[in-house]
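Here the structure comes first, spelled out in structure tokens, and everything after it is commentary.
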Amino acid sequence: MRPEDYLGWGASALLIITLLHQVRTQLRSRDTRAVSPWLFAGQSAASIGFICYSAILGNIVFIVTNSLILATAVVGQAALWWRHWHR
């Protein structure tokens, strides 16, 4: 691994921890009205685009990071949907 990759992995870890905290906060909240469905759509579309772009460039740090960001979007949206329909 190149020295600059440590910076990329560190930034990636910080971002994923932040997003996981947000998903956790959403799961604990009883109010789902404050989260826009456009956030999920935009984040998902951007993540898919960045995954493809990163794959073309062969950048594993960004492939992994954007795949995890996409996963947090899906889990967060699923949690909101579940909570909304199972009150």
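Every number in this text was worked out from the coordinates using simple rules, so none of it is lab data. Because the structure is a prediction, the values reported are computed rather than measured. As a convention, Cβ positions derive from the backbone with ideal geometry for all residues, glycine included, and neighbour counts pool all protein chains shown.
Extension gain for the segment residue 20 to residue 59, taken as residue separation times 0.36 nm less the Cα-Cα distance, is 11.8 nm to one decimal. Across 67, 47, 36, mean-square fluctuation computed from a Gaussian network of the chain (C-alpha pairs under 10 Å connected) peaks at 36.
Taking 77, 22, 43 in turn, the Gaussian network model of the chain (Cα-Cα springs below 10 Å) assigns the largest fluctuation to 22.
Dividing the mean sequence gap of close Cα pairs (under 8 Å, 6+ apart) by how many residues region 3-85 holds gives a relative contact order of 42 percent. With the charge dipole of region 3-85 set up from +1 on Lys and Arg Cβ and -1 on Asp and Glu Cβ about the Cα centre, the Cα lying farthest toward the positive end among the listed residues 62, 77, 10 is that of 77. Magnitude of the charge dipole for the chain, about its Cα centre and with charges confined to Cβ atoms of Lys, Arg (+1) and Asp, Glu (-1), is about 500 debye. Volume per residue of the convex hull around the Cα atoms, evaluated for the chain, comes out as 80 Å³. Within region 5-74, the trypsin sites (Lys or Arg not before Pro) that combine a DSSP coil assignment with at most 12 other C-beta atoms in a 10 angstrom radius are 30, 33. Rounded to whole numbers, the Karplus 3J(HN,Hα) couplings from phi for region 59-73 are 9, 5, 4, 6, 4, 5, 4, 6, 5, 5, 4, 4, 4, 5, 5 Hz, using 6.51 cos²θ - 1.76 cosθ + 1.60 with θ = phi - 60°, and x at Gly and Pro.
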